[in-house]
Structure formats: C-alpha cells, structure tokens
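What follows is a set of notes on a single structure, which appears directly below.
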Amino acid sequence: MFAIVRERIDLERISEATRNASCGAVTAFAGIVRAQADDGRPVIGLSYEAYDLMAIRTFEEIADEARATFGPCEISIVHRVGDLDVGEIAVAVVVASAHRAAAFDACEYAIDAVKARAPIWKRERYADGEEFWKDNACGQGTPAP
Amino acid sequence: MFAIVRERIDLERISEATRNASCGAVTAFAGIVRAQADDGRPVIGLSYEAYDLMAIRTFEEIADEARATFGPCEISIVHRVGDLDVGEIAVAVVVASAHRAAAFDACEYAIDAVKARAPIWKRERYADGEEFWKDNACGQGTPAP
Amino acid sequence: MQIRVLAFARVRELLGDGELTFDLPEGATIGDVWQAAVDRNGALGALAESTRIARNGRIVNDSLESVREKDEIALLPPVGGG
Amino acid sequence: MQIRVLAFARVRELLGDGELTFDLPEGATIGDVWQAAVDRNGALGALAESTRIARNGRIVNDSLESVREKDEIALLPPVGGG
C-alpha cells in the first residue's frame, strides 16, 4: 500500500493490509508530531502537503530499492497530509518479511529515503502563532535553473 | 506496557499506549504466525504458554537493558498466549523515542532478547495433525540439576 | 503553448497559487519555465539553488530539456516529509 | 515442607500437570526439587541439560541453593517465544 491520505493513520490496519501468510515478521516505523521543535520551541501542530502522484511513485521506487537490497518483502508507505496535532502519526512504513533482520533493515532504509526525497513538505506551527516550512533535504537531482 | 494477553494484539493500540508528546519516532515489531514451518511443513496454527509473572519481569529487564544501551525511550512488550491462527500477531514490541535510529536499535534488541530468554513456549500445530514444541533457545542460566 | 505548473510549499506561497498555467513559446525548456516563475515573483530567484523541477512526476536534471504542451511541470522546494 | 512447583511445556506434559506440590524435607535444595520431579517421571532425566529452574521468578544457577516453604519453583524447558 502506497498512499497519501488526509485521515488518521492506523498502524494495525496498515500492518494487516501489508502482511500475508508467509510473513513471520512485521516491522513498522511511525513518525509522530512532537510537542517541541528540534530547538525546543513549543509546537502545536504540523501541516503537510504533498505532490501526490510523484510521492506515491517515489514510495514505489523506494520499496523496489529496499527489496533489491534486503530481499523479498511486502512494503507499505503511507503519509498523511493536512493539519496534524501533536501526537498524531504523520507517516507510517510497514515491512512484512519471512524473517526479522531484513524487515528491520528495509524499514529503516525506507523511512530514511522517504524523508530525504519524497516530494512532501512540512510547516511547523508554533505556540506563539508563527509558522515555518521545515526542510529535511533538497531532494534528489540538481538545482532548477 | 508489559503484558501477557489472551486476546488479539492491536499494534495501533499498543503504539498509542506507548508514545507521548516528546516521541517523534515509533518503531514496532510484530511476530506473526506463518503458514509454514522453517522446514516448509504446512502449519495451521501455534499454541503459546507463558510463565506470566516471570515473563513480565523479563520484559521489564529487557526494556531496562535497551534503555541503558540505546538511550531513553518508552518500550512496550506484549505476548499473546493460547491458540493462534496463521496470520495472527503472537508478539509485539513497540518503542517510542525522540529520534528514530535509537528506536530501531532498541526494538531489534528487545525482540531478540524476548525470543532468547522470556519464559514462553510455542507448540507448532501442523496440517497433518501432529504437534511439536518448537524451541528458540535454552534461556538464561545453567542446567537444572 | 500552455504549460501546467504545480508549485508547492514556499514556492507556492511566492507564486500565490499551487496550480498555474504558463504561456511559453514552442521549444521552451525547463529553464524557461523556471525563468517564467521568477518573472512572476523575483523573490523566487533566491530559491534557485534549492529548488528541483519535475516533469510529469520525474526530476529533470538538465535545464535545457524541452517541455511540451500537456506536460505537468512541478516546482519542488526542499522536502520535509516524515 | 510443601513446595509449589510450576511446570511448563514438555516438562508439564511429562509431569501430567502444570502445578504440583512436592513434599520435601527441610533444607532441600533446587537439585532435590529436580530429583523429585525425575522421580515422578524418569523421562524427565533426558531434559536435565536443557531445563532451567527458577525460584520465585528468578533463574537459579546453583543447584545447591536451598528452597523454603512458600517458594514457587518453576521448571523451564527451552523457550520459544515470538
């Protein structure tokens, strides 16, 4: 399952949609909205937007890379967009595999790659009313002009 | 949350019970009943039993070790007992932490340790009606007599 | 020709809309699309180094690549998913 | 004295019950508990190397450690959680 969603993310539902009878191990990562920015500033929420079509294609590419590197597994990547409150899940990566070492490695690879290059943007909303775009990375490729 | 349960395990509920507003990263492992034994023999289900009091104490020790090694985090370990069908979750480990690298490491440490030494036993039930106790390890300590 | 341009995050804010149509001459390039965007708001110029451009959902690394009518061009500032 | 003994998995099957009471003399040791179990079913002898014994939920590594009335002794074959 590769999706950009506006609704609440449920890890159990994604896990059920990902695993099958040959999978003994499921690993999951969930990125949660924290109450503090990296510099300690109080955060009241995050707002995400995505380039849906390209984000989903990027999720599929990342899953292919993970399988090529760590072996066969089922992978789901779901990112939520819109306004999120503190404590809510912004992104979930679920990997189902026959054995657990590969499932952990593939899950960590996938979330690192999602953060580094999926076309998704995050605005931090602070308790004092200010808001800023918060970047992870410049994505893949070379500059525009 | 450290528990031995007889009911269905729900990853999302354990995740919600584990994380708090300072946790940006949740990692989870779920061990699932596979349709095949390691030797390929068709399995119809597993039956687990536990020494509850000692299993929960062992979960607490494992969580303490993970925190001592990988830094502060919230950890839940829940194992189900009784008769499980193929595809059901037998064990869940959920780690909530400020950042993700430690959450992955602590989760993998904890599930490895649970399998190696928690006083829990598993009986594989095969399609042909046979059943066998399936061991991971001799647990900690030295032989009995 | 009419080129559909999607803008996200701070690029969207600077252009005033997430979905625009640029009127460009036949043979226009990815670089021309960017220049047309900067012409709409010069403040975009400061984002040139950090912005990536995708054509039909794929990153373009060569600003001399030409665009065609019906292409969907996306202007992508630094990402922040997760 | 009466010692409460818990048995799990294949040890439970060999002893016929998961919860037993052994009548042992004062000063009996962990090793004596194991011997009393083997006396109930000699087939347990083959499991001596792989079985661990816990006293009140903690593994005992010294078979000469003594047990007391009200102790809960557990006989633990190789584990298989997860």
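Every number in this text was worked out from the coordinates using simple rules, so none of it is lab data. Just so you know, these numbers come straight off a predicted model, no measurement behind them. A quick note on method: Cβ atoms are made from the backbone with ideal geometry, for glycine too, and the neighbour counts reach across all protein chains shown.
Would you mind ranking C:72, A:65, B:108 so that the residue whose beta carbon has the fewest other beta carbons within 10 Å leads the list? Present the calculation step by step, with values, prior to reporting the outcome.
Numbers: C:72 17, A:65 14, B:108 23.
With the sparsest Cβ surroundings first, the list reads A:65, C:72, B:108.
The HN-Hα couplings worked out from phi for segment A:59-76 by the Karplus form 6.51 cos²θ - 1.76 cosθ + 1.60 (θ = phi - 60°) are 4, 5, 4, 4, 5, 4, 4, 4, 5, 5, 8, 10, x, x, 6, 9, 10, 10 Hz, whole numbers, x standing for Gly and Pro.
Rounded to the nearest 10 degrees, the inclination of helix C:30-40 to the longest alpha-carbon principal axis of chain C is 60 degrees. With R₀ set to 22 Å, the beta-carbon distance separating residue A:68 from residue A:22 gives a calculated FRET efficiency near 0.70.
Backbone amide hydrogens, once placed in the peptide plane, bring residue A:90 within less than 5 Å of A:31, A:32, A:33, excluding anything fewer than 5 places away on its chain.
Nearest 500 deg cm²/dmol is fine: what mean residue ellipticity at 222 nm does chain B get from its DSSP H runs of n ≥ 4 alone, each adding -39,500 (n - 2.57), divided by its residue count? Theoretical 222 nm ellipticity from helices: -10000 deg cm²/dmol. Straight-distance candidates among the lysines for linking to residue A:134, with alpha-carbon spacing under 20 Å and chain neighbours fewer than 8 residues away dropped: A:115, A:122. With its label point put 7 Å out from Cα toward Cβ, residue B:127 sits 6.0 nm from the same residue's point in the other copies, in order from shortest. Annotation: amide H-H contacts under 5 Å for residue A:137 (H modelled 1.01 Å from N, sequence separation of 5 or more, or interchain): C:79.
Cα convex hull, chain D: 88 Å³ per residue, rounded to a whole number.
Counting Cα-Cα pairs of segment A:70-145 in 5 Å increments starting at 0 gives whole-percent bin shares of 3, 13, 19, 19, 16, 13, 10, 4, 2, 0. Applying the Kirkwood pairwise sum to the alpha-carbon positions of segment B:4-145 produces a hydrodynamic radius of 15.9 angstrom. Nearest to the axis that brings chain C onto chain D is this chain C residue, judged by its Cβ, with the distance in whole Å: C:82, 14. For D:69, A:131, the sequence from fewest to most other C-beta atoms within 10 Å is D:69, A:131. With both labels modelled 7 Å from their Cα along Cα-to-Cβ, the residue B:47 to residue A:41 distance reads 6.0 nm.
Evaluate peptide A:15-28: per residue, the Cβ atoms of other protein chains within 10 Å of its Cβ; return the mean as an integer.
On the way: counts 8, 4, 0, 0, 5, 5, 9, 5, 6, 10, 7, 8, 9, 11.
Mean partner shielding for this stretch: 6.
All alpha carbon pair distances within segment B:36-107 were sorted into 10 Å bins beginning at 0; the resulting P(r) in whole percents reads 18, 36, 29, 16, 1. Each other copy places its own label point for residue B:72 at 4.5 nm from this one, sorted shortest first, where the point lies 7 Å along the Cα-to-beta carbon line. Between residue A:116 and residue C:49, the FRET efficiency estimated from the beta carbon spacing at R0 = 30 angstrom works out to 0.95.
How much FRET efficiency would the formula 1/(1 + (r/R0)^6) give for residue D:2 and residue A:135, where r is the Cβ-Cβ distance and R0 is 60 Å, rounded to 0.05?
On the way: r = 69 Å, r/R0 = 1.15.
After rounding, the FRET efficiency stands at 0.30.
Only alpha carbons enter this Debye calculation for the protein assembly as shown, each as an equal point scatterer, and the log10 of I(q)/I(0) it gives at q = 0.07, 0.09 Å⁻¹ is -0.47, -0.67.
Taking a sphere under 15 Å around the Cβ of residue B:71 and counting the other residues whose Cβ falls inside, with K and R at +1 and D and E at -1, yields a net charge of -3. Note down the nm distance, to one decimal, between modelled labels 7 Å out along Cα→Cβ at residue D:13 and at residue A:5. In this crude label model, residue D:13 to residue A:5 measures out at 4.2 nm.
Phi angles across segment C:4-13 convert, under the Karplus curve 6.51 cos²θ - 1.76 cosθ + 1.60 with θ = phi - 60°, into 3J(HN,Hα) values of 7, 10, 9, 10, 10, 6, 5, 5, 4, 4 Hz, Gly and Pro given as x. Listing C:75, C:44, D:15 from fewest to most neighbouring C-beta atoms within 10 Å gives D:15, C:44, C:75. For segment A:25-34, 3J(HN,Hα) computed residue by residue from phi via the Karplus equation (6.51, -1.76, 1.60; θ = phi - 60°) reads 10, 10, 10, 9, 10, 10, x, 10, 6, 8 Hz, glycine and proline entered as x. The residue list B:75, B:32, B:15 was ranked by how far each Cα lies along the charge dipole of segment B:1-94 toward its positive end, using unit charges on Cβ atoms, and B:15 comes out on top. Each copy carries a label point for residue B:17 at 7 Å from Cα toward Cβ; from one copy, the others' points are 2.5 nm away, ordered from shortest.
Size of the dipole of segment A:1-136 about the Cα centre, Lys and Arg at +1 and Asp and Glu at -1 on the beta carbon, nothing else charged, in debye to 20?
In total the dipole reaches around 200 debye.
Spatial offset of segment A:65-107 relative to segment D:1-58 amounts to 45 Å, using the alpha carbon center of each.
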